[in-house]
1. Assigned to a strand (DSSP E or B) and among the aliphatic types (A, V, I, L, M), is that true of Val63?
2. Would you call Val63 of a type in the set (A, V, I, L, M), open to solvent by less than 70 Å² (accessible area, probe 1.4 Å), under 16 Å from Ser7 (Cα atoms) and touching a residue at least 12 places away in the same chain (Cβ under 8 Å)?
3. Residue check: is Gln1 open to solvent by 30 Å² or more (accessible area, probe 1.4 Å) and over 15 Å from the mean Cα position of the chain (by Cα)?
Amino acid sequence: QVQLVESGGGLVQPGGSLRLSCAASGSTFRFYLIGWYRQAPGKQRELVATITGGYKSNYADSVKGRFTISRDNAKKLVYLQMNSLKPEDTAVYYCNGNLNDDDYWGQGTQVIVSS
């Protein structure tokens, strides 16, 4: 079992940067596929980026070149570095851990991009 806790959200101006963190617990964390998802008001939750235990990453087209996902298996941390933020990046960002049939979510962290 994995527990996930996000942090790092906040208010940032367009063009600015934020780094989100996802702290995990559990001895099998390194095997989990970790994803960052986001949900804007009135919209469905969407995938932002994923990273495997072997550090292979994948991104949604909307964030490619601006966001970077990374993980530290020893520290059980996953990061989402967000640069060149746009107002349309405003959402609650969630960390997800998936391994076979196990699927876990954090509580989310709010990101607001506004001038």
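The values are calculated or read from the model by the stated rules, or taken from the named source; none is laboratory data. This one's a predicted model, so the numbers in the text were calculated from it and none came from an experiment. As a convention, Cβ positions derive from the backbone with ideal geometry for all residues, glycine included, and neighbour counts pool all protein chains shown. Heavy atoms of the whole protein, side chains included, go into the accessibility calculation; ligands, DNA and RNA do not. Shrake-Rupley method; radii C 1.70, N 1.55, O 1.52, S 1.80 Å.
1. It is false that Val63 is assigned to a strand (DSSP E or B) and among the aliphatic types (A, V, I, L, M).
2. no
3. yes
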